[in-house]
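Participant: One structure, pasted below without further comment.
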Amino acid sequence: AVDAVYQSDEPDLNLLVASAASDSTVRIWSRHGSEAKCIEILQFGNGFVMDVCLSFLPGSDVPILACGGDDCKISLFIQQNGQFQKTLVLPGHEDWIRGVEWAVCGEDLFLASCAQDCLIRIWKVCTKLKQLPETEDDSIKLKENIFTVKDADTSYAVSLESVLAGHENWVYAVHWQPSLSKDGSMQQPMRILSASMDKTVIIWEPDKESGVWLEQVRVGEVGGNTLGFFDCQFSPDGSMIIAHAFHGALHLWKQATVNKKEWTPEVVISGHFNSVEDVKWDPEGEFIISVGSDQTTRLFAPWKRKEETEVTWHEIARPQVHGYDLRCLAMIGRFEFVSGADEKVLRVFRAPKNFIENFSNITGIPMEKLCSRQSSDLPEGATVPALGLSNKAVFEGDMAVQPDEDEESFNAISNQYPEIYFQPLILTEPPPEDHLLQNTLWPEIQKLYGHGYEVFCVACNNSNTVIASACKASKKEHAAIILWSTTSWKKLQSLSFHNLTVTQLAFSPDDSFLLAVSRDRNWSLWRKQDSSESGPVFTCCAYTDKNTAVHSRIIWSCDWTPDSKYFITGSRDKKVINVKGLDSIKPCSTVLDAGDSVTAVGISRVLTPDGRYIVAVGLENGKIIFYTWKQSGKEPALTDWTTSVEIDNSQSHALAVKRLCWRHHAGRAGHNDENSSKWLQLASCGADHSVKIFNVNRFAL
């Protein structure tokens, strides 16, 4: 935890910072101009301080520091003679203290604290006047803790103002509404926001008449398989509140203009909260789907608002919420995909009717364009049974009309825990988190069994007839690639060649070849033979072995040029190599040194205006570099490669790039600029939890 206060009116001069860390210390730092130095270390033995907050004593410039920790007490430190002295300990909480925050209100100083005992306490610090010895009277008073500051020779009294009980689980955060400037002076509103593990966020205010603190508004998640909230914050004017939940999601609520007691959920940004392993564009280039180690599959699309020209991207569905970390995915046509997780099965999902309708509303693409086949056969949505992992289709007839709630029927167990949580929604804007969790799942239509270990990569050919997949392997028999038919879902063929895990598979754009690259530092090329009745048959037509391999480390990634003539491989040995597909296995380009381990490569389906291939290379350090390449003569020359642009640090990933995927057509999704477009779009995902979409100007390359 970190907190800071300015010690003078000129903001650049003097900043006092307190920071707490897991080494059981609180450090005090002072910053003058651009220099910062640690001026004091407060030791806490073997206890932890969870939160710190700095302020000034009422009517003075003496800093006061509040520390709340795992000893269930709040320690108050006051700076005297340049050193922080422990002045007072406020007992009361019965479990670890999670948050403390000061607020200056007029002449008094208030401290709000929250803890894992589900309670919030408000303390008041005020100047204590030197008064006559009190006459004994019988009125009940709260105990006041009194301390004196030597420098200023003033006494202060600390008393417990209120205890707020309303949460049913640990309270993780408590914050005051920021002070507002009113009639030329700053005023502190008496409003507190708290976030808890009981899935709720509460706004507290003192009652106008009695002054008793009461719960004014309670918002939060209802249902869903989530845990509660970690933190919350008011907007500067107090009209919006934002909270972030256990699963990394942000929630935003806005106060209604008419009825001030009413708060409504608003559209907010979202994304994965763990490494994103794979990302793919849909064949039409209208949305992207990504999978990650946070066990979710998420679908992002551009949101077209009626009046505005600007297009913003949002998560509009979460087709799969799984129990295993997801590893890879491939699109099978427009609204169908197959995904692989850290389990032995591949799962195939198809979009329900409710998704297609909402997708049409949000992106502005008419329904007629989206639905080729009769949409009445499609299920409405999907639901996960209480004890299952598979998304089950929900049809229109399944959503039973709820009977009138009489006492007895509600008490039946089956009515308290409904079989179907899915509720069809008509959306005109991206859905909030609680809908994404349970109302945007896609039904699972097939499971593909056959691999012996966790599935690692999957690909689908361009005519959407064959899926290829491979799993983690340390022996040759497990490293076989399995081909599946997308019509019968039967296993077509097993291609055995590699000795270790196949890391990526790629069908050539004309579907006549399948390329595999592997952890054993080799690649293999499989040619499609004339189909038998059961489906196409692939045979190995080129490969590298110990003697011919160019890569000296694991080959992470591969891709094809749009004309199916060349393919490219990228490896941990920092090399990117272009190879001609058919007759020789000699590279037809010089080795390109990318400067760091290459973890992803992608070739655009659209060439530069002068007919050069556009190659994007993603590195382990998070950088993405764009090259162009064209074979000039018979012999490979270094001049065939040109470095076009390296994405700067502010836009690249912070950790390894996991996958790069170009949009199949020119133009930008949601912009209707396909015809004369200079723009290409590249989707990338990385271990830094992020998915990025880059607009690339191909004329500038």
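Participant: In a loop (DSSP other than H, G, I, E, B), in contact with an Asp or Glu (Cβ under 8 Å, 6 or more places away or on another chain), of a type outside the set (Ser, Thr, Tyr) and surrounded by fewer than 22 Cβ atoms within 10 Å (Cβ to Cβ): does that describe Val258? Break it down stepwise before answering.
Facilitator: Values: in a loop (DSSP other than H, G, I, E, B): yes; in contact with an Asp or Glu (Cβ under 8 Å, 6 or more places away or on another chain): no; of a type outside the set (Ser, Thr, Tyr): yes; surrounded by fewer than 22 Cβ atoms within 10 Å (Cβ to Cβ): yes.
Spelling it out, it is not the case that Val258 is in a loop (DSSP other than H, G, I, E, B), in contact with an Asp or Glu (Cβ under 8 Å, 6 or more places away or on another chain), of a type outside the set (Ser, Thr, Tyr) and surrounded by fewer than 22 Cβ atoms within 10 Å (Cβ to Cβ).
Participant: Looking at region 547-565, which of the residues that are within 15 Å of Ala600 (Cα to Cα) and among the charged types (D, E, K, R) is surrounded by the fewest Cβ atoms within 10 Å (Cβ to Cβ)?
Facilitator: Arg553
Participant: Same structure, new question: Any residue in region 328-349 that's closer than 14 Å to Ala468 by Cβ: show its pairings with residues that are of a type in the set (Phe, Trp, Tyr) and outside any loop (DSSP other than H, G, I, E, B) at Cβ separation under 6 Å, as long as the two are six or more apart or on different chains.
Facilitator: Qualifying pairs under 6 Å: Leu329/Phe337; Met331/Phe337.
Participant: Any residue at all in region 450-470 that's closer than 30 Å to Gly220 by Cβ and part of a loop (DSSP other than H, G, I, E, B)?
Facilitator: Keep residues of region 450-470 that are closer than 30 Å to Gly220 by Cβ, which gives none.
No, the conditions are met nowhere in region 450-470.
Participant: What pairs come out if I take residues in region 1-12 that are modelled with pLDDT under 70 and pair them with residues that are part of a loop (DSSP other than H, G, I, E, B) whose C-beta lies under 8 Å away, six or more apart or interchain?
Facilitator: Asp12/Gly33
Participant: Of the residues that make up region 49-66, is at least one among the β-branched types (Val, Ile, Thr) and outside any strand (DSSP E or B)? Spell out the reasoning first.
Facilitator: Initially, region 49-66 is screened for residues among the β-branched types (Val, Ile, Thr), giving 49, 52, 62, 64.
Within this subset, residues satisfying the condition of being outside any strand (DSSP E or B) are 62.
Scanning region 49-66 turns up at least one residue that is among the β-branched types (Val, Ile, Thr) and outside any strand (DSSP E or B).
Participant: Quickly run through region 576-617 and pick out the residues that are closer than 17 Å to Ala700 by Cα and not in a loop (DSSP other than H, G, I, E, B).
Facilitator: Result: Ile603, Tyr613, Ile614, Val615, Ala616.
Participant: Tell me which residues, restricted to region 602-621, are within 23 Å of the chain's Cα centre (by Cα) and surrounded by 22 or more Cβ atoms within 10 Å (Cβ to Cβ). So that I can check it myself, show each step before the final result.
Facilitator: Filtering region 602-621 down to residues within 23 Å of the chain's Cα centre (by Cα) leaves 618-621.
If the condition is that a residue be within 23 Å of the chain's Cα centre (by Cα) and surrounded by 22 or more Cβ atoms within 10 Å (Cβ to Cβ), then Gly618, Leu619 are the ones that fit.
Participant: Next up: Only one of Ser652, Ser690 is within 19 Å of Ile614 (Cα to Cα) and among the hydroxyl-bearing types (Ser, Thr, Tyr). Can you tell me which? Explain how you work it out, then say what you get.
Facilitator: On the way: Ser690 fails: within 19 Å of Ile614 (Cα to Cα).
Only one candidate passes the filter, namely Ser652.
Participant: If you don't mind, there's one more thing I want to ask. Which of the residues belonging to region 96-115 are over 16 Å from Met186 (Cβ atoms) and either outside any loop (DSSP other than H, G, I, E, B) or not assigned by TED's automatic domain parsing to the domain that holds Pro63 (or both)?
Facilitator: Our first condition is that a residue be over 16 Å from Met186 (Cβ atoms); within region 96-115, this holds for 96-101, 111-115.
The answer is Ile97, Arg98, Gly99, Val100, Glu101, Leu111, Ala112, Ser113, Cys114, Ala115.
Participant: Go through (1) over 36 Å from the mean Cα position of the chain (by Cα); (2) modelled with pLDDT of 90 or more one by one and return the number of the condition Val62 breaks.
Facilitator: In the conditions (1) over 36 Å from the mean Cα position of the chain (by Cα); (2) modelled with pLDDT of 90 or more, Val62 misses (2) alone.
Participant: Out of everything in region 628-642 that is without any contact (Cβ under 8 Å) to a residue 40 or more places away in the chain and not in a loop (DSSP other than H, G, I, E, B), what residue ends up being nearest to Gly686 (Cα to Cα)? Even if it seems obvious, please write down each step before you answer.
Facilitator: From region 628-642, those without any contact (Cβ under 8 Å) to a residue 40 or more places away in the chain are 630, 632-635, 639, 642; that's our starting set.
Then keep just the ones that are not in a loop (DSSP other than H, G, I, E, B); that gives 639, 642.
Numbers: Thr639: 30, Thr642: 25 Å.
Residue satisfying both the conditions and the ranking: Thr642.
Participant: Another question, then. Are there any pairs, at least 6 apart or on different chains, whose C-beta atoms fall under 7 Å, with the first in region 34-55 and within 20 Å of Glu101 (Cα to Cα) and of a type in the set (S, T, N, Q) and the second modelled with pLDDT of 90 or more and assigned to a strand (DSSP E or B), and if so, which?
Facilitator: That search, which allows pairs on different chains as well, returns Ser55/Ile64; Ser55/Trp102; Ser55/Val104; Ser55/Leu109.
Participant: Assess whether Ser155 counts as being in the same structural domain as Asp61 (by TED's automatic domain parsing), of a type in the set (S, T, N, Q) and either at pLDDT below 90 or in a strand (DSSP E or B) (or both).
Facilitator: Working: in the same structural domain as Asp61 (by TED's automatic domain parsing): yes; of a type in the set (S, T, N, Q): yes; either at pLDDT below 90 or in a strand (DSSP E or B) (or both): yes.
In short, yes.
Participant: Could I ask something else about it? Working only within region 473-485, note down all residues that are crowded, with 20+ Cβ neighbours inside 10 Å and over 17 Å from Asp545 (Cα atoms).
Facilitator: Answer for region 473-485, where residues must be crowded, with 20+ Cβ neighbours inside 10 Å and over 17 Å from Asp545 (Cα atoms): Ala473, Ile481, Ile482, Leu483, Trp484.
Participant: It is to be established whether one or more residues within region 642-659 are at pLDDT 95 or above, in contact with a Phe, Trp or Tyr (Cβ under 7 Å, 6 or more places away or on another chain) and under 30 Å from Gln295 (Cβ atoms).
Facilitator: No, because not a single residue in region 642-659 is at pLDDT 95 or above, in contact with a Phe, Trp or Tyr (Cβ under 7 Å, 6 or more places away or on another chain) and under 30 Å from Gln295 (Cβ atoms).
Residues checked against (1) over 17 Å from Gln43 (Cα atoms); (2) touching a residue at least 60 places away in the same chain (Cβ under 8 Å); (3) of a type in the set (Ser, Thr, Tyr):
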| site | (1), (2), (3) |
| --- | --- |
| Ile74 | no, no, no |
| Leu88 | no, yes, no |
| Glu94 | yes, no, no |
| Leu119 | yes, no, no |
| Ile122 | yes, yes, no |
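Participant: Consider Phe410 against the criteria (1) modelled with pLDDT of 80 or more; (2) more than 17 Å from Trp442 (Cα to Cα); (3) of a type in the set (A, V, I, L, M, F, W, C): it satisfies all of them except one. Which criterion is unmet?
Facilitator: (1)
Participant: Moving on to the next point. Considering every residue within region 599-607, establish whether at least one is at pLDDT below 90, under 21 Å from Gln631 (Cα atoms) and not β-branched (Val, Ile, Thr). Talk me through it step by step, then tell me what you get.
Facilitator: At the first step, the residues of region 599-607 found to be at pLDDT below 90 are none.
So far as region 599-607 goes, no, none of its residues is at pLDDT below 90, under 21 Å from Gln631 (Cα atoms) and not β-branched (Val, Ile, Thr).
Participant: Please find, among Lys304, Lys369, the residue that is basic (Lys, Arg) and farther than 27 Å from Phe273 by Cα. Steps first, please.
Facilitator: Numbers: Lys304 fails: farther than 27 Å from Phe273 by Cα.
Lys369 is the lone residue from the list that is basic (Lys, Arg) and farther than 27 Å from Phe273 by Cα.
Participant: State all residues of region 542-586 that are at negative phi and of a type in the set (D, E, K, R); if no residue qualifies, say none.
Facilitator: Hits for region 542-586 are Asp545, Lys546, Arg553, Asp559, Asp563, Lys565, Arg572, Asp573, Lys575, Lys580, Asp583, Lys586.
Residue-wise test of (1) closer than 25 Å to Thr642 by Cα; (2) more than 34 Å from the chain's Cα centre (by Cα); (3) among the aliphatic types (A, V, I, L, M).
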position: Gln529; (1), (2), (3): no, yes, no
position: Arg553; (1), (2), (3): yes, no, no
position: Asp559; (1), (2), (3): yes, no, no
position: Ser571; (1), (2), (3): yes, no, no
position: Val576; (1), (2), (3): yes, no, yes
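Let's see how each residue does on (1) under 32 Å from the mean Cα position of the chain (by Cα); (2) under 25 Å from Arg334 (Cα atoms); (3) without any contact (Cβ under 8 Å) to a residue 24 or more places away in the chain; (4) buried (at least 19 other Cβ atoms within 10 Å of the Cβ):
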{"position": "Gln438", "(1), (2), (3), (4)": "yes, yes, no, yes"}
{"position": "Tyr449", "(1), (2), (3), (4)": "yes, yes, no, no"}
{"position": "Gly452", "(1), (2), (3), (4)": "yes, no, no, no"}
{"position": "Leu492", "(1), (2), (3), (4)": "no, yes, no, yes"}
{"position": "Leu495", "(1), (2), (3), (4)": "no, no, no, yes"}
{"position": "Val502", "(1), (2), (3), (4)": "yes, no, no, yes"}
{"position": "Ser512", "(1), (2), (3), (4)": "no, yes, no, no"}
{"position": "Arg519", "(1), (2), (3), (4)": "yes, no, no, yes"}
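Participant: Six or more apart or on different chains, Cβ atoms under 8 Å: show the pairs whose first residue is in region 356-367 and assigned by TED's automatic domain parsing to the domain that holds Trp442 and touching a residue at least 60 places away in the same chain (Cβ under 8 Å) and whose second is assigned to a loop (DSSP other than H, G, I, E, B) and acidic (Asp, Glu).
Facilitator: Here the result reads Ile362/Glu429; Thr363/Glu286; Ile365/Glu286, each pair linking region 356-367 to a residue that is assigned to a loop (DSSP other than H, G, I, E, B) and acidic (Asp, Glu).
Participant: How many residues are of a type in the set (Phe, Trp, Tyr) and touching a helix residue (DSSP H, G or I) at 6+ places or on another chain (Cβ under 6 Å) if we restrict to region 276-335? Steps first, please.
Facilitator: Going through region 276-335, the residues of a type in the set (Phe, Trp, Tyr) turn out to be 281, 287, 300, 303, 313, 324, 335.
Add one more test, that the residue is touching a helix residue (DSSP H, G or I) at 6+ places or on another chain (Cβ under 6 Å), and what stays is 303.
Of the residues in that region, 1 qualify.
Participant: May I ask you to list the residues in region 280-296 that are at pLDDT 95 or above and over 23 Å from Asn672 (Cβ atoms)?
Facilitator: Matches in region 280-296: Ser290, Val291, Gly292, Ser293.
Participant: OK, next. With respect to Ile78, determine if the residue is assigned to a strand (DSSP E or B) and under 22 Å from Gly106 (Cβ atoms).
Facilitator: Numbers: assigned to a strand (DSSP E or B): yes; under 22 Å from Gly106 (Cβ atoms): yes.
Judged against the criteria, Ile78 is a match.
The values are calculated or read from the model by the stated rules, or taken from the named source; none is laboratory data. Predicted model, so just to flag it, every value in this text is computed and none were measured. Note that we place each Cβ from the backbone using ideal geometry, even for glycine, and neighbour counts take in every protein chain shown.
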